[in-house]
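Everything below concerns the one structure shown next.
Just so it is clear, none of the values below were taken in a lab; they were calculated from the coordinates. Since this is a predicted model, take the numbers as computed values, not measurements. Virtual Cβ from ideal backbone geometry, glycine too; neighbours counted across all protein chains shown.
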Amino acid sequence: MTPRTTLLRCSTRPFIFLQSRNAATLVTPVSSLLSAMQLQPHSPQTTRRSLTTTTTQPPQLTTQSSSSSSPPPPPPPPPSSSLSSSLTEPKHVRIRPPHSVKLGTVVAAGRMDKTVRVLHKHSTYHKKLHKNFPDRTIYLVHDPCNSLREGDVIEFSSGWRTSKNVRHVVERIVAPFAIPVDQRPRVLSYEEREMMKAEKKRKQGKERRVGRIKRLVEMRLEIERKRAEKGAAE
């Protein structure tokens, strides 16, 4: 049987040829060779190779990790147009509450101040016959400026209570009758009606109700103030 030749590669040694009849016998010579190499620390050719492995990270990953550790850049400033619009917008915007809009015809106008009767045509569902049938309902609609005339087709909405039986208000005139719209008082919008209501509440708040005792106290204080002014003048 021919001997088997094994080639062993080392980092700082030339090629070493070992001849052995069995591959299992290579363990002892290799271990003894490594121990012999470690016993020569002063030889520059027999420096021990480090057994630790180091991995180099690609430059892309390094830059990505450094960018992730650094804080994100600040966001760009908003455009000047949005800033100016936010300054001009009011801080407190009143949102209109839910309401329903209906279409009707004025059947009576001028009999009541700022109130008209409007006929609204709709359909009603019959529970026994399970069918819809045409129906009509008359509503009392508030007209703030007395702009409506009999025969006008208008659009009115709910949610504006002015009395016990009046809780609708006119929104716009769809089709005027006889007199053109430009020759009548203008129909107020929701914002204008809110301004009128706020002004009315402000005026009512100034007129406070004074009781008898408080009125007598105020009269006594007024008399004392006048006496003090008279004494200072003399």
* Find how much the distance from residue 103 to residue 186 grows on full extension, using 0.36 nm per residue of separation minus their present alpha carbon separation; answer in nm with one decimal. => 28.0 nm
* Asked: Gain in length, residue 194 to residue 140, computed as 0.36 nm per residue apart minus the alpha-carbon separation, to one decimal in nm?
  -> 17.4 nm
* To do: Could you tell me which of the pairs 121/200; 201/230; 102/164; 102/127; 128/164 are separated by over 29 angstrom between their Cα atoms in the structure shown?
  => 121/200; 201/230; 128/164
* To do: Return the distance in nm (one decimal) between the two label points of a simple spin-label model at residue 178 and residue 121, each offset 7 Å from Cα along Cα→Cβ.
  => 2.2
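Ranked by Cβ crowding within 10 angstrom, fewest neighbours first, how are 135, 152 ordered? Please report the intermediate quantities before stating the final value.
Details: 135 11, 152 24.
The fewest-first ordering by Cβ neighbours comes to 135, 152.
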* Structure fact -> Dividing the surface of the Cα convex hull of region 101-201 by four yields a projected area in nm² of 7.7
* FRET efficiency for residue 130 and residue 212, Cβ-Cβ distance as r, R0 = 41 Å, nearest 0.05? -> 0.05
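Counting other beta carbons within 10 Å of each residue's own, what order do 182, 143 fall into, fewest first? Provide the component values of the computation, followed by the final result.
Working: 182 7, 143 22.
Listing 182, 143 from fewest to most nearby Cβ atoms yields 182, 143.
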* To do: Note down the magnitude of the dipole of region 101-201 about its Cα centre, charges +1 on Lys and Arg C-beta and -1 on Asp and Glu C-beta and zero elsewhere, to the nearest 20 debye.
  => 600
* Structure fact -> Taking 127, 214 and counting other beta carbon atoms within 10 angstrom, the fewest-first order is 127, 214
* Under 12 Å from the Cβ of residue 175, count the other residues' Cβ atoms, weight Lys and Arg +1, Asp and Glu -1, and hand me the total. => 0
